[in-house]
Amino acid sequence: MSTSIQVKNLSKTYEYFKKEAGLTGSLKSLFWREKLYNEALKGISFKIDEGELIGFLGPNGAGKTTTLKILSGILYPTSGEAVVLGYVPWKRSPEYQRQFSIVMGQKNQLWWDLPAQESFQLNKEIYEIDTKTYRNNLDELIELFEIKDILDIPVRKLSMGQRMKCELSAALLHSPRVLFLDEPTIGLDIISQEKIRHYISEYNKIKKTTVLLTSHYMRDVERLCGRVIVINNGIIVYDGSVQDLMNTYGKHKIIRLRLSKEYTENGLAKYGEILERDGLCVVLKTGKEDIAASTARILNELPVEDLSVEEIEIEEVIKKIFTG
Amino acid sequence: MKKYITLFHINWQNSLQYRFSLIVYIFGYSLYIGVLLYLWSAIYSEGQSVGNYTLSELTTYYLLQLMINSVIFSYVSWDVIENIKDGYFSNFLIKPIDYYFYWFTVNLSGKILEGLFIIIAVGIISIFFRGHLTFPGTSAALIYFLISVILGIVLSFEMDFCVGMITFWLTQVRTFKFMLQTIILFFAGAMLPLDLFPDFLVRISDFLPFRYLVYFPVSIYLGKINNPWPSFAILIVWILVFYGISRVLLLRGIKRYEAVGI
Amino acid sequence: MKQLAYNIFRKIKRYLHLYRVFLSQNLKEDMIYRSNFITLAVMDIGFVSVSVILFKIIFTHVTSIAGWTFHQSIILIGSVGIIREMAYLTFRRGFLELGNHIRKGTFDTFMVRPIAPNIHLAFRHISISESFGEAITGVVLVIYGILHLNNWTWVSIPLYIIFLLNSLFVYYGFSLLINSIVFWVIKTQELNTIVYFFMETSRYPGDIYRGVGKFIFTFIIPIGIIATVPASVLTGRTSWSSALIALFVGISFLTTGILVWRKSIEHYSSASG
């Protein structure tokens, strides 16, 4: 199994200017501004083999997008090395560009007013795909992503889920060996999210394309990836199998309750660990396996006005990784 | 009243972000004046003259015209059009703020800021092009000039606001605005001093309010108008007329907005 | 050496092919907004008419501008229109959209594909509708001007076209230089105004410049030659030296523009967030 992506001690620091509030602040800024630094990446290292489907997980601002941008050549690192498919990404050589693809959720690469079909045609020319290969790939992708009926509709008329399917297809026309996905399911409804995850997983299985996917949804990673890299504040805090991560930290769910009557801590304790209590609002943590039973018990035995079940926050998991 | 003063300040903060603009202003204006100077010099050196303008008067005319473009001409209609088209206008309907005065304040604060920038830019340019420019002969001329500029800002705002109001009825308002812009610039004397025009065009321009945006203030500055009071009177009438039209359009427009739900 | 020439030839062929493909896509897009076509054409004709009227008025007071007669000036105005139209058919709209792309983050798309970002940007926004009106009026004006000349030759037409192309390179190089600023200073409404003024002021005959001005407006901000030289070729006012200078300016602006642009993208990729 050959190495697809190799990253060593990658660091990236951004400069930005601090602006003071108010009118005097604005006037001052005409002449002099204080320069501040934001260390987005602090020396991260990892290795990814060909054909792996890796999840890159972390809260907002953790450094995920920065990493992807560096690996796709959009950004230069401040220090450190990165090699993808034997190329240094920020040299942006056309040979490298023809072998990878990046899709950024919410940023359209398709032409807005024309049907997706036209944008595909354009990609064929840009990536110099020969007609036979193009036809084969296109047919494959149409079938896999189930986009046969929407190819002729202007992109702006498609729903977000349909658009994402087309974006992904467009990105895969040239059979890239590496696929970078930045928050591909963001903004989509639950069903579309599931579908997109399914397509990506299938594609990776069939084509053995290396896929690096970023997300701040635990579920994305849970369903898709064998291995996950967790990043927080520019540092990698976990690099290992999803299974292990789930077993250790992902075993819980959060239940938010609004009761009609106040209850004591003791009275609530048997339903789960109390995370917050504010008057009639209570937040509990319980095990995932018996969530149905727990919820049923709570609804039966407590005077519940409102109840919702949530995923454990990624921040929780990360906090745990630091402390636990 | 206080909310308008705050608005004034916030708008200044917004505009001050553009520190780069100041450099571009000075640089750009200087170059433009340079080009025009060459153009008119070439013409005058052949023993020709343009109307009853001396070379320096003509150059000054264009320098002033350029500045007036930024200081007098109102551009708020672009924001108004966007407001209405994307529905943001609804926010104004639910708040206790008058739409007309909101934009009046925003416009005025913007123009005063521009004015300050321009005074700096002009100061620098005037030093460079010292020998080639005309300055007001009397202090009275300067005062009248300033008054005409302020009145011009008001008139331009009102007309611009009216154009913005048309968005309630016309979808292709931007295209309309482009075409109108050219006509306005033409008859304001922004492209060529109005007294150079052939007679029939001069008569048309006298009839329209646009001459008060460029030609009138600049002529005062150049000392070509000894008694501006009759013109001031007509200018004030135009200001009142357009205020009335603005108010009527705003009222009707709101009714239509609420009915159609643009 | 031969390999290098072959590579360049292949590259040009590929880009010409890409141009055709992008042109057809942009045309399809333009067609969706059919009404715009006509309105824009009408507006363009309107603007040009105003320019012509202004020149006519000036010429009621004077008989020549630095030696240029009214009809020669008409050819000048027409040439500016033609150059502008060529620009819209290639790169102009792309640069106008550059600011939006950077703000929305979509410029990154241009950096990850195997086409040079400046070409990708240009081709992505080829605008047919915006150039239509100016093209027609430009050609009409030039023909009108020629018909009133008494010393033109057929030979001057292909030369005219060559120098129009050269001026397009000058315009492109200049646009690259100015627009590269976007990568250093993010807020940039003024940039487009600068480029706009560039073409506006090139309507004045280059012969009005003397001394320092002549140098500045020939080599640094070449408004003195961009429309003047092709028009001179047609009106028989040109000389070998001005033609050579124009070609020199064309090549230098093109190369400098591309170099500065590349450097600016490098800066963008090390600084951007």
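The numbers here are math on the coordinates, done by the rules we state, and not lab data. Treat the numbers as computed from the prediction; the structure is a model and nothing was measured. With ideal geometry, Cβ positions are generated from the backbone for all residues, glycine too; neighbour counts draw on all protein chains shown.
Figures for the structure shown
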{"read-out": "On Cα atoms only, tilt of B:139-165 relative to the major axis of chain B in degrees", "value": "40"}
{"read-out": "Farthest positive-ward along segment B:68-145 dipole, Cα basis, beta-carbon charges - from B:Ser74, B:Gly87, B:Ser126", "value": "B:Ser126"}
{"read-out": "The protein assembly as shown - charge dipole about Cα centre, Lys and Arg +1 at Cβ, Asp and Glu -1, debye rounded to 20", "value": "1180"}
{"read-out": "Normalised per residue, the volume of the convex hull around the Cα set of segment B:20-148 (Å³)", "value": "152"}
{"read-out": "Angle in degrees between helix C:34-61 and the longest Cα principal axis of chain C, rounded to the nearest 10", "value": "40"}
{"read-out": "Space enclosed by the convex hull of the alpha-carbon atoms of chain C, per residue, Å³", "value": "158"}
{"read-out": "Members of A:Lys47/A:Lys207; A:Lys91/A:Lys124; A:Lys8/A:Lys64; A:Lys35/B:Lys3; B:Lys255/C:Lys104; A:Lys107/A:Lys148 lying beyond 27 Å, as alpha-carbon distances in this model show", "value": "A:Lys35/B:Lys3; B:Lys255/C:Lys104"}
{"read-out": "Principal semi-axes in Å for segment A:251-323 [√(5λ), Cα gyration tensor, largest first]", "value": "21, 14, 10"}
{"read-out": "Evaluated at q = 0.08 Å⁻¹: base-10 log I(q)/I(0), Debye formula over Cα of segment A:174-324", "value": "-0.31"}
{"read-out": "Global geometry of segment A:158-257, whether rounded, prolate or oblate, following the gyration tensor of its Cα atoms and the 1.5 cut on a/c", "value": "oblate"}
{"read-out": "Globularity index of segment C:101-174, i.e. its alpha-carbon radius of gyration over 2.2 N^0.38 Å", "value": "1.61"}
{"read-out": "Reference-scaled alpha-carbon Rg (2.2 N^0.38 Å with N residues) for chain A", "value": "1.18"}
{"read-out": "Kirkwood-based shape ratio for the protein assembly as shown, expressed as Rg/Rh from alpha carbons", "value": "1.02"}
{"read-out": "Kirkwood-Stokes translational diffusion coefficient of segment A:80-187, alpha-carbon pairs, 10 °C, 1.306 mPa s, µm²/s", "value": "109"}
{"read-out": "Cα centroid separation - segment A:135-161 against segment C:81-122, whole Å", "value": "27"}
{"read-out": "Length gained when the stretch C:Trp184-C:His17 is fully extended (0.36 nm per residue, less Cα-Cα span)", "value": "56.9 nm"}
{"read-out": "Over segment B:2-260, volume per residue of the alpha carbon convex hull, in Å³", "value": "145"}
